[in-house]
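Let me begin by presenting the structure, written as structure tokens, before commenting on it.
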Amino acid sequence: MLKMTPLNQTHRDMNAKMVDFGGWDMPLHYGSQLDEHHKVRQDAGMFDVSHMLPVDIKGDNVRSFLRQLVANNVDKLTLPGKALYSCMLTPQGGIIDDLIIYFLSETWFRIVVNAGTADKDVAWMLKQRDALAPNLEITPRRDLAMIAVQGPNARAKVWQVISGSQAATEELKLFQSTVVNQYFIARTGYTGEDGFEIILPAADAPSFWKALHAVYVAPAGLGARDTLRLEAGMNLYGQDMDETKNPLESGLAWTVDLKSERDFIGKQALLDTAVTQQLVGLVLIDRGVLRSHQQVVGQHDGVEYQGEITSGGFSPTMNQSIALARLPVQIAVGDEVNVIVHDKKLRAKVVKYPFVRNGKALV
Amino acid sequence: MSVPTNLKYSKSHEWVRPEADGTVTVGITHHAQELLGDMVFVELPEVGRKLKQKEECAVAESVKAAADVYSPISGEVIVVNSPLADEPGKINEDAFSAWLFKLKPSNASELDGLLDAAAYTELVENEDH
């Protein structure tokens, strides 16, 4: 039996093509994935991301627990409502999940984790809680729904729908959040566009979705979500990283705080590891489409090397194929590599990612 | 969308239109494009290539996946629909006009082994359930 979000029937009523996404019955698209992608880049689209899980951590000194639990430093969170992107690591430095932590108060932090890893994440958090801070209360919030509204006009459309929200959220900077009535509104997203991610009671989700649709926010499925996040150069858990990879070889060194005295789970392993691989961006020069798991080959200083595409696809904004690939650290921006596609070797160029931000191609 | 009755079909979702001059035109079906989603790339066979029936001869790639196209019958490729390479979305708009290539059959009797519209419709319906 597939798991369903509170919007399942709403998606079906809008003729979504539904697919099994890691055990969840989710919309892939509502007609055209490409149209949905462009709508988000040029206007506003909305995604049901209720399969992701908010986890509330409450009690005395939550911050001290989180200092040990995650690789980024929660001491960067000084203003209530501020959000932080981080990895949660195994003692070996492998990535258990990537997540966003919201600082609501010193006694209440909220963590949003991926759908596919939610059960193991919560189990890990509870285990660490029992060892480090047994008095904290950890509550998975399956009673909540989450809707991402993304695009250059996304915020203005949300303001039309939630009364009083403009005054409350207009001054929010990126990675800040606030609460307006039953809506938890964060200026975050997974598309490279402006917009909000909104957490609300499950029962209110269908009417909120329909109200957004009425002001011409386009429903967008997981297909567009994937091409948008790839263009935005954002990692997908399970594809670009997992427990066998650490953040330093996954393009996420910027999310790891190794400078402060603070100890955290996985820190020693990261300090002891020689980093030999990196994530790079690729743009295909020849005609074709890059896909995950294709092999990358090349020569560096006369030595053959191999790598692999972790996420690949067609970029609707750039009208060519792009990818994230894991390659040896010696490979640099501007290098040319070969990708084995079917029985051919196609040429691709190593580029700095993100590929697209705020509607514009950067490479 | 209805399945045109003037065409023949392969089990691998190619359509075939026998022309008056003895050649045949080949494309992929509406059902095939529906399964694949928005098309983003098409690789066509080289003109002059001699194909055996069921041989891989083209690639149709969508946002979602790459699909091999198989030659429905044996023959020589005499012309390909080159403009389609720049506008693969034409396949989504109308799969039965967005042809891929034309063949000069080397064994026209193979056409008799293909499905007619009714048989192909049944095949698709059985797939769906």
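What follows draws every value from the coordinates through simple rules; no lab data is involved. Owing to the predicted nature of the structure, the values given are computational and were not obtained by experimental measurement. Cβ atoms come from the backbone with ideal geometry, glycine included; neighbour counts cover every protein chain shown.
Details
- This model, with +1 at the C-beta of Lys and Arg and -1 at the C-beta of Asp and Glu, gives the protein assembly as shown a dipole about its Cα centre of some 1120 debye.
- Full-extension gain in nm, A:Asp143 to A:Tyr305, via 0.36 nm per residue minus C-alpha separation: 53.4 nm
- Hypothetical label at B:Asn6: residues of the range B:71-97 whose amide nitrogen lies under 18 Å (7 Å Cα-Cβ projection): B:94-97
- Shape category assigned to chain A from the gyration tensor of Cα positions, a/c cut at 1.5: oblate
- Residue-averaged [θ]222 nm for chain B, counting only DSSP H segments that reach four residues, each worth -39500 (n - 2.57): -4500 deg cm²/dmol
- Sorted by Cβ neighbour density within 10 Å, fewest at the top, the residues B:His13, A:His293: A:His293, B:His13
- Considering only Cα atoms, the convex hull volume of the range B:8-106 works out to 81 Å³ per residue.
- Within the range A:295-313: backbone nitrogen closer than 18 Å to the A:Asp335 label point (7 Å, Cα to C-beta): A:295-311
- A straight line joining the Cα centroids of the range A:182-225 and the range A:310-343 runs 31 Å.
- Dipole magnitude of the range A:1-121 about its Cα centre (Cβ charges: Lys, Arg +1; Asp, Glu -1), debye to nearest 20: 240
- Potential extension, A:Asp204-A:Thr78 segment - 0.36 nm per residue separation minus Cα distance: 42.3 nm
- Mean residue ellipticity (222 nm) of chain A, computed from DSSP H runs ≥ 4 via -39,500 (n - 2.57), nearest 500: -6000 deg cm²/dmol
- In plain terms, the chain from A:Asp286 to A:Gln239 could stretch by 14.5 nm, reckoned as 0.36 nm per residue minus the Cα-Cα distance.
- With a cut-off of 19 Å on the backbone N, the residues of the range B:91-123 near the modelled label site 7 Å out from B:Lys54 along Cα-Cβ are B:106-116, B:120, B:123.
- Residues A:Asp60, A:Asp335, sorted so that the one with the fewest Cβ neighbours within 10 Å comes first: A:Asp60, A:Asp335
- Footprinting exposure proxy for A:Asp98, A:Asp56 (fewest neighbouring C-beta atoms within 10 Å first): A:Asp56, A:Asp98
- Cα centroids of the range B:60-129 and the range A:139-181: 47 Å apart.
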